[in-house]
Amino acid sequence: MPVKTTTISPRPLLRTSALLGGGLLLGISSIALQGCEEGDSPLSGLAEKCGLVCPTEGIAQGNASISGLASVDSFFGAVVDFTAAADGVDAKIRAELDAIALGLGLPEGAAAGEIRTKIEERLMFAVAGGLQVKYQEPKCEASVEVAASAAASCDAEVDPGSVQVQCQGSCDIDASAQADCQASGTLTCVGQAPNLQCEGSCTGTCELMGAATCDGTCRGTCTGECTVLDSQGNCAGACDGNCQGECELSAGGMCNGKCQGECEYTPPGGMCDANVKARCEAMVEANVECKGGCEGEATPPMVKAECEATVEAKAKASVECTPPSVEITWQWSATIDGDLQAQANFRAWVNSFRGQLAGLLAATAKAKILADLAVNLAGAAEGAVQGSIEDLSVEADLKTSIGAGCALLQLPDAVNLINAAGGQLTASVTASGEVFAAIGG
């Protein structure tokens, strides 16, 4: 089914016709306009075929093809991508909150304040001194390919084949780029440590070589005080002395033994082996080519002012935040100390809550990125983007002038969408903050 279209006001058409000169041409244009307004002339179909009308469906309906102008419609496309990403992360946060609520005996849709109260009540009953929660910040990566594509699509002066996106942060690199990284940044290897001896941060299981300190969950014997004991009386929590057995480093840490998980370390020989990932944290001015994602700011080459917000929005809407590994330890309260059934019930709840918390941390990290983006995107819509569209609206080219006029009509709706999404993101971040506050985060 063809998309319905509508003509805009005849005023810009009459003005442009006058620019073209000639009374006969002006008369023909006027007749065409009258026919378009009444919808009973064959010329109205001609106007539609020539792209001299505005689409009936606008940005509020998810249509980004408003003006037929690449730089302008790229902005509307960025707004569509942003609102879709915002809706997705809002839904993810609500889903994690609902899962937590159900585990606490609350219905789906329970207010964040209610969830916080229930968590605090459960912890007060089961543990002494609250939960000890350890995790690394979620890793959020923006696609360098998306940033490069957005720059080329919006700015006609950018050569798609030569776009280089600068990563202000860290990213995975090819083996051929390791020397460049060494010269202007910090090279890190991620994978299995040489001979399982991790000289950096180990994430996963560390097989201790004798009694040693454990920064995670001690599974074995503890010479000091252990916060949690399993059914056999072995340590299964935090050990304030030396641990003998295995140390679970869910959030990463020093391994005094064999790291059987993932090790992040500085290569002793200056280069990473072929069987591990090479990761580079480059200085701002460094010229290191990333592959895949950038953990930080993915900055494309300089583009026109009206394209800057578009490229930023496209890149940040593509951000993927990975849920971190979460480690939770505690000390039993006097209320359930020795009550094996109550302890088993609490452990089961913690096991579910750990995964929900990890998902909530990742979703909240992305929500914060998008909430900050909303401010910049709305500001650009009312600033550089609007200014560029107004300049295009006075072009002598009829199609360009009409397309710009269509875009100006849609800008207020775009700003409303951005602000509404930004407000919802802020509310979602606040809601997840109630859960973090309940566990002392």
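For the reader, a short list of remarks on this structure follows.
- Lone unmet requirement of (1) surrounded by 20 or more Cβ atoms within 10 Å (Cβ to Cβ); (2) under 30 Å from residue 68 (Cα atoms) for residue 356: (2)
- Some residue of segment 303-319 being surrounded by fewer than 22 Cβ atoms within 10 Å (Cβ to Cβ) and at pLDDT 90 or above: yes
- Of all residues making up segment 154-211, the number that are under 29 Å from residue 308 (Cα atoms) and either modelled with pLDDT under 85 or of a type outside the set (S, T, N, Q) (or both): 25
- Residue count for segment 309-328, restricted to those that are in contact with a Cys (Cβ under 9 Å, 6 or more places away or on another chain) and not in a loop (DSSP other than H, G, I, E, B): 7
- Residues that are over 24 Å from residue 438 (Cβ atoms) and either free of Cβ contacts under 8 Å to residues at least 40 places away in the same chain or among the aromatic types (Phe, Trp, Tyr) (or both), drawn from segment 304-340: 338
- The listed residue being surrounded by 22 or more Cβ atoms within 10 Å (Cβ to Cβ), assigned to a strand (DSSP E or B), touching a Leu at 6+ places or on another chain (Cβ under 7 Å) and not charged (D, E, K, R), out of 181, 202, 167: 202
- Matching residues, segment 359-378, being loosely packed, with under 15 Cβ neighbours inside 10 Å and either polar (S, T, N, Q) or without any contact (Cβ under 8 Å) to a residue 24 or more places away in the chain (or both): 372
- Only one entry of 92, 49 meets the criterion of being over 30 Å from residue 356 (Cα atoms), charged (D, E, K, R) and either modelled with pLDDT under 95 or within 24 Å of the chain's Cα centre (by Cα) (or both), and that entry is 49.
The values are calculated or read from the model by the stated rules, or taken from the named source; none is laboratory data. Note that the structure is a prediction, hence the values are computed from the model and not measured. Ideal geometry is used to build each Cβ from the backbone, glycine not excepted, and the neighbour counts take in all protein chains shown.
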